[in-house]
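Shown next, in structure tokens, is the structure this report addresses.
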Amino acid sequence: MKKPPSPSDAPVKLRVGIVLMPNFTLTAFAGFIDALRLAADEGDHSRPIHCHWDVMAASGGDTTTSSCGVRVGTSTLFKPVDSYDYIVVVGGVLHGGQRVSAPVGRFLKQAAASGVKLVGLCTGSFVLARAGLLRGHLACVSWFHRDDFEAAFPDQHVVSSQMFVVDRDRLTCAGGTSVVHLAAHIIELALGRASAVKALRILIEEQPLPSKALQPEAVVSERATDPIVHKAMLLLEQQLQVPAPINRVCAPLGLGQRQLERRFQHDIGLTPAQYRQQLRLERARWLLQHSALGLQDIALECGFTSGAHLARLVQRELGQSPRAIRTGKPQARATASSRR
């Protein structure tokens, strides 16, 4: 029986340095590094044979705390940049602006000057942009953070309609599960498609998706000028699946329900409940057009009680049946004679 290669006698084909920002997104980090782990060895042995990675802290110390409170062991030592093919920055929550410390800034700029490819996972794109390393490059951010990105970097070219963007030596992605498809893209370039497919199959993911695969679009259908209303809109979208009372979003905003309703009406001419219903219907429309989920699953995903309830609302509010929306075929409205 053929003996599997050991880490000492197999060539390392992919070398990755990972920089964790304070309050980094654990899903982005775990998804990316697990894809590397699964591609690095035969089966699920998890030995860093074909891929090697170092995890470094942006803030010093031997651990870095993620946004959910889980700590990950890190090294504060930045190796020479030519030790890596890619430097990956895992961003975190945006409160505080994703500050770039002097050591991290120097390290990233040295890597860029040496031709090392830079990767921004989730809000890691904010870090690269703040360090001036996305100028002249197209960046990808989540629709959820696009307004923040455009406000912070008004001259930066950005998209939020696809999973990830590869623009020469800069790679950025929307976060969430898009990170494993960006990792698969990198793995395929270094190790071949079979390794990328194998990693995703073990992660119970689809075949590697291309960079232009759609990320779920923002379903915000009204633009708020009142910052409190804008924050409430985001909270409502985060709780879209939950059939909870509107007052659940009031406490984090420091407002009562009556106050919030008045501000919504003044700003966008809708109540929070009407706006949430609009969000749910637009999300249901998107899922009908871009997914293979059944009507019952879409209903639960969007916070409706049943597929039948959703079908009635879609027909009444959007003027088409779910089937017509899914197939892209316009549905003729019934005439008075045909209804007799």
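Values in this text are rule-based calculations from the coordinates and carry no lab data. Here the structure is a predicted model, which means the values were calculated and not measured. Virtual Cβ from ideal backbone geometry, glycine too; neighbours counted across all protein chains shown.
Worth a mention:
- Using the Karplus relation 6.51 cos²θ - 1.76 cosθ + 1.60 with θ = phi - 60°, the per-residue 3J(HN,Hα) values for segment 223-237 come to 9, 8, 9, 7, x, 5, 5, 4, 5, 5, 4, 5, 5, 4, 5 Hz, with x marking Gly and Pro.
- Between segment 9-76 and segment 134-156, the Cα center-to-center distance that results, in Å: 25
- Neighbour cut-off at most 13 other Cβ (10 Å), DSSP loop, chymotrypsin sites (Phe, Trp or Tyr not before Pro), segment 252-322: none
- Sequence-distant aspartates and glutamates (8 or more away, or on other chains) whose Cα lies within less than 18 Å of K79: D54, D62
- Ranked for footprinting exposure by Cβ neighbours inside 10 Å, fewest first, V81, V141 give V81, V141.
- Largest GNM mean-square fluctuation among V12, V89, V116, using the chain with Cα springs under 10 Å: V12.
- Once the Cα-Cα distance is subtracted from the 0.36 nm per residue extended length, the Q289 to L77 segment shows a gain of 71.5 nm.
- Distance between the modelled labels on R248 and T63, one decimal in nanometres: 3.1 nm (7 Å Cα→Cβ projection).
- Candidates L313, G124, Q259 compared by Cα position along the dipole of the chain: farthest toward the positive end lies L313, with charges placed on Cβ.
- Model label zone, D226; criterion: amide N under 17 Å from point 7 Å along Cα-to-beta-carbon; scope segment 142-185: none
- Sequence-separation-based contact order of the chain, relative, with Cα cut under 8 Å and 6+ spacing, percent: 12
- FRET efficiency, 1/(1 + (r/R0)^6) with R0 56 Å, evaluated for A102 and Q274 via beta carbons: 0.70
- Distance-filtered residues of segment 147-189 - backbone nitrogen under 16 Å, label point 7 angstrom along I202 Cα→Cβ: 180-181, 183-185, 187-188
- Beta bridges by DSSP in the chain, antiparallel share as percent, to the nearest 5: 25
- Compactness of segment 14-202, taken as the C-alpha radius of gyration over 2.2 N^0.38 Å, stands at 0.94.
- Within the chain, helix-based [θ] at 222 nm, where runs of 4 or more DSSP H residues each add -39,500 (n - 2.57), nearest 500: -11500 deg cm²/dmol
- The phi-based Karplus calculation (6.51 cos²θ - 1.76 cosθ + 1.60; θ = phi - 60°) puts the 3J(HN,Hα) values of segment 270-286 at 10, 7, x, 5, 5, 5, 4, 4, 4, 4, 5, 5, 5, 5, 4, 4, 4 Hz, whole numbers, x for Gly and Pro.
- Residues whose placed amide H lies under 5 Å from that of V88, excluding near-sequence neighbours: G17, I18, V19, V119
- Among M163, M56, sorting on how many other beta-carbon atoms sit within 10 Å of each Cβ, with the fewest leading, yields M56, M163.
- Label zone at A151 (point 7 Å along Cα-to-Cβ), backbone N below 13 Å, segment 12-30: none
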